[in-house]
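Report on the structure given below.
Only the coordinates and a few stated rules stand behind these numbers; no lab work does. Just so we're clear, the structure is a prediction, and the values are computed from it rather than from any experiment. Positions of Cβ are backbone-derived with ideal geometry, glycine not excepted, and every protein chain shown enters the neighbour counts.
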Amino acid sequence: MQEKPIGIFDSGIGGLTVLKEIAKLLPNENLIYLGDTARVPYGIRSAETVIKYSLECAFFLFRKEIKMLVVACNTSSSLSLEILKKKLPIPVIGVIEPGVKAALKVTKNGKIGIIGTEATIQSEAYPKKIKSINPDIEVVSKACPLFVPLVEEGILEGKIAELVVERYLKELKNSGIDTLVLGCTHYPLLKKTIQQYMGGIKLVDSAQEIAQEVKDLLFLQKLINKNSKVGAKTFYVTDSPERFKKIGEIFLNYEIKNIFNVSLEEEK
């Protein structure tokens, strides 16, 4: 059981931010990543569709005999996490709570900004979780639907990225927040451009917090892989892997070798 892999899924390439941090903190763990690149972005879909897609991704990974599932997608975490926890007999971790905990540690003035997909923002998952821990915190939310396509196209810096960032974040920059949660795993790939625009406002990338939560839970459940060799990494995508491979390698700083194209419909 200990040598079984950890499964990670996202709507596209953004979840690699989570995989990267897990691999850094737990280098001996075997990791399987699924990017549902044929149906990205999830953030513009209805709740019913997001839940359907999330279940398909989760069961695909479960059939690979994973010991834990990490939902590295804010949209899926905000809409389907509790359903996935009920459906699967293994630990399931989402990205909302780790991001919230990190933001609450960082903020000094009690004003936190949240950016995410339309579905994540409409779900109010972040404000609800923040208020459940500290009702005095002021939360300002903003949907940024063009950020995911920018990342998927590899447009991470330059004039186009700067103009899109300014368009969405102008109000937040002037709202008095001192902390901004990147409420989508794609957004850290735009971190440099976002930080340049937001100035001294602290950005919260929940990937590091998720990795720590994964480690803590594995220890608690006695599921840590004690094998001394570096864990294997396997990647699955639901569309042509070329673009995923190209952008993924830029971000991960190593060659993605074990990448396979799959159809989740055929897997049922």
Length-normalised contact order of segment 1-63, Cα under 8 Å, at least 6 apart, in percent, tallies to 40 percent
Cα-based Rg and Dmax for the chain, in Å, come out at 17.6, 51
The alpha-carbon center of segment 174-234 and that of segment 1-56 are separated, in whole Å, by 13 Å
Note, V92: beta-carbon cut-off 11 Å, +1 each Lys/Arg, -1 each Asp/Glu, net +2
Expressed in nanometres to one decimal, the distance between label points 7 Å along Cα→Cβ at N253 and F59 is 4.0 nm
Taking Cα pairs closer than 8 Å and at least 6 residues apart, the relative contact order of the chain in percent is 28 percent
The local net charge around G110, scoring Lys/Arg +1 and Asp/Glu -1 for residues other than G110 whose Cβ lies under 11 Å from its Cβ, equals -1
Taking every C-alpha to C-alpha distance in segment 96-206 and binning by 5 Å from 0, the per-bin percentages run 2, 13, 25, 27, 19, 10, 3, 1
With the charge dipole of segment 29-99 built from beta-carbon charges (+1 for Lys and Arg, -1 for Asp and Glu) about the Cα centre, the Cα from S77, L55, P98 projecting farthest to the positive end belongs to L55
Here segment 113-125 yields Karplus 3J(HN,Hα) values (6.51, -1.76, 1.60; θ = phi - 60°; whole Hz; Gly and Pro given as x) of x, 10, 10, x, 6, 4, 5, 5, 5, 5, 5, 6, 4
To the nearest 20 debye, segment 96-206 has a Cα-centred charge dipole, built from +1 on Lys and Arg Cβ and -1 on Asp and Glu Cβ, of 340 debye
Computed for segment 195-268: size of charge dipole around the Cα centre, +1 on C-beta of each Lys and Arg, -1 on C-beta of each Asp and Glu, debye to nearest 20, value 380 debye
In whole Hz, the Karplus estimates of ³J(HN,Hα) for segment 196-209 (6.51, -1.76, 1.60; θ = phi - 60°; x where Gly or Pro) are 4, 6, 7, x, x, 5, 6, 8, 10, 9, 6, 4, 5, 5
Low-density loop chymotrypsin sites (Phe, Trp or Tyr not before Pro), segment 188-268, at most 12 other Cβ within 10 Å, DSSP non-H/G/I/E/B, are Y254
Taking Lys and Arg as +1 and Asp and Glu as -1, residues besides A119 with C-beta under 12 Å from its C-beta add up to -2
